[in-house]
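Visitor: Quick one: structure below, then a few questions.
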Amino acid sequence: MRVRIIAVASVMASLLLTSSAFAQQRHVVDPATVRQAATSQVATDAVNREAVRDVFQHSQVRDVATRLGLDVTRADGAVATMTSADLAQAAAAARTVNTTLAGGNNTVIISTTTLLLILIIVLLVA
């Protein structure tokens, strides 16, 4: 009986001494760095979403989408579900369209129209 008690006490002591409660909490990456990276990505995504949504406000964009039978409202709603990588690509195309239209061009040229179509199709498929 005494041997059992000693054996159980030894096992319990070794488990308690090697538990994670006594382990040092070492991280490969500092938690503050991870939080900062996540916050930065969220901010970048928000800026990209706004750029994509801005392009839908132009009447020329709405006209082109209507002629092609695309629903701009649905595409605008799909922006919220895009991944960061897809969002970055769509935002780059949207910024090109916004720059072209803001520069005083009243017509959408072929290359801008192509970018717009790709943008809307990506949004509708996603």
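The values are calculated or read from the model by the stated rules, or taken from the named source; none is laboratory data. Since we're looking at a predicted model, the values are computed, not measured. Don't worry about glycine lacking a Cβ; one is built from the backbone with ideal geometry, like all the others, and counts go over all protein chains shown.
Visitor: Checking the conditions here, which among T18, T44, T99 is of a type in the set (S, T, Y) and at pLDDT 85 or above? Break it down stepwise before answering.
Guide: On the way: T18 fails: at pLDDT 85 or above; T99 fails: at pLDDT 85 or above.
On inspection, the qualifying residue turns out to be T44.
Visitor: Which residue pairs have Cβ atoms under 8 Å apart, sit 6 or more places apart or on different chains, and have a first residue in the range 58-86 that is part of a helix (DSSP H, G or I) and a second that is loosely packed, with under 11 Cβ neighbours inside 10 Å?
Guide: Q60/N106; Q60/T107
Visitor: Right, V29: of a type in the set (V, I, T) and in a helix (DSSP H, G or I) or not? Step through it out loud before you land on a result.
Guide: On the way: of a type in the set (V, I, T): yes; in a helix (DSSP H, G or I): no.
Considered against the rule, which asks whether it is of a type in the set (V, I, T) and in a helix (DSSP H, G or I), V29 comes out as no.
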